[in-house]
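Just so it is clear, none of the values below were taken in a lab; they were calculated from the coordinates. No experiment lies behind these values; they were computed from the predicted model shown. Virtual Cβ from ideal backbone geometry, glycine too; neighbours counted across all protein chains shown.
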Amino acid sequence: MSFNVLADQGSVVSALKSALGSGRLAHALLFLGPRGTGRRAAARELAKAVFCPQRTEDLEPCDTCGSCRLVDAGAHPDYQLIEPDEETNNIKIEPVRELIARSGLRPLQAPAKVFVIAEAERMNEYAQNALLKTLEEPPGATHIVLLASAAEGLLPTIRSRAQLVRFRPLGSAPPARAEDLARVQEALGYALSGATAEMALPPDWPRLEREEALAVVDLLARYFRETLLAREGVRYFGGVAERLHGLSRLEQALDASKIESLLLYLGECRELLTSNINLRIFFGVFWGRLRAELTDARRLLTPGAA
Ligand SMILES: [Zn+2]
């Protein structure tokens, strides 16, 4: 996964990337926003980007090196996620003390340490007070990311010491038009049907306007991002995936890296469409590649098909 998956939180991604790029990522960050807006995924991608020795020019983690994989597996020694206790739903002082102790130590493998406190407003007062000192004088090479859905649960002194990163509620993306959704449904159904390349242009597609083609590409990208984030418990109520039908088997058949490659491809499509490409040529290429990307899923879903 990469920051791409957070495309609905464009301002978050650009703020984080600009901090990374300038080498001025704050020691304390507060990711504030409703549950299910991708805060946790953003914190993890941020850790990967801080650690990754092969970070791309675009400041994305490479996703394939040992470091990226360890963070994804929740097993990187310089990355720690603290969550509320299952029984009490509170974060007690002990894990916070442990975090504070570790923050004073050198990183073990990465250039820095990243600690994430999920539902930080669930820290009791002792825990928050203990953390405050570390936030006031953060040891070098430590980033503490607090995730919260309501700032009120946090001490004002904690809030004032953490750099605020606001996650907007999902669903504030422009509403999807029914006819664009129908085309997305058609595109996915067609790509999965095993139709041959020669047949690959549904009759009315070459007559689409550029704006309509862009809407389809954007909705496809939204659909795949939602599919990817759904695996992390992020739910888009009224999102694109919820409005398309009969695709749950496809979603299960696609692995994360395939979805990522589809998202990259759709990004390229968007660029092509905003340049002056001839739409007929565009759709010819578009269909071929979409079918190719979905080949494995198609084989999995319809054994025996090409
Ligand atoms: Zn990497």
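The figures follow:
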read-out: Amide proton proximity set for LEU164, modelled H, under 5 Å, gap of 5+; value: LEU30
read-out: Listed peptides 8-15, 28-35, 46-53 by packing density, highest first (mean Cβ within 10 Å); value: 46-53, 28-35, 8-15
read-out: Phi-based couplings in Hz for segment 282-296 (Karplus 6.51, -1.76, 1.60; Gly and Pro marked x); value: 4, 5, x, 5, 4, 5, x, 5, 4, 5, 4, 5, 9, 4, 4
read-out: Nonlocal amide H pairs with ILE91, under 5 Å, H built at 1.01 Å; value: ASP85, MET123, ASN124
read-out: Dipole axis of segment 3-166 (+1 Lys, Arg; -1 Asp, Glu on Cβ), positive-most option in GLY36, VAL165, GLY21; value: GLY21
read-out: Value of relative contact order over segment 1-88, rounded to a whole percent, pairs C-alpha under 8 Å and six or more apart; value: 23 percent
read-out: Estimated vicinal HN-Hα couplings, Hz - segment 34-47 in sequence order (Karplus 6.51, -1.76, 1.60; Gly, Pro = x); value: x, 4, x, 9, x, 4, 5, 4, 5, 5, 5, 5, 5, 4
read-out: J(HN,Hα) series, segment 179-184, from Karplus relation 6.51 cos²θ - 1.76 cosθ + 1.60, nearest Hz, glycine and proline x; value: 5, 5, 4, 4, 5, 5
read-out: Cα centroid separation, segment 238-255 to segment 42-81 (Å); value: 28 Å
read-out: Relative contact order of the chain, pairs being alpha-carbon contacts under 8 Å that are 6 or more residues apart, as %; value: 21 percent
read-out: Distance histogram for the chain (every C-alpha pair counted, 10 angstrom bins, percent rounded to whole numbers); value: 6, 25, 29, 21, 13, 6, 1
read-out: Tally of Lys pairs whose C-alpha atoms are under 28 Å apart, taken over the chain, 8 or more apart or cross-chain; value: 11
read-out: Centroid-to-centroid separation of segment 3-37 and segment 134-190 [C-alpha atoms, Å]; value: 8 Å
read-out: Positive-pole candidate from LEU181, ASN278, LEU247, dipole of segment 178-301, charges at beta carbon; value: LEU247
read-out: Student exercise, the chain dipole from Lys, Arg, Asp, Glu Cβ charges, in Debye to nearest 20; value: 320 debye
read-out: Segment 3-166 pair-distance distribution - Cα-Cα, 5 Å bins, rounded %; value: 2, 9, 19, 23, 22, 15, 8, 2, 0
read-out: Residue with peak Gaussian network fluctuation, the chain [Cα springs, cutoff 10 Å], from ILE158, ILE277, ILE259; value: ILE277
read-out: Amide proton proximity set for HIS76, modelled H, under 5 Å, gap of 5+; value: VAL71
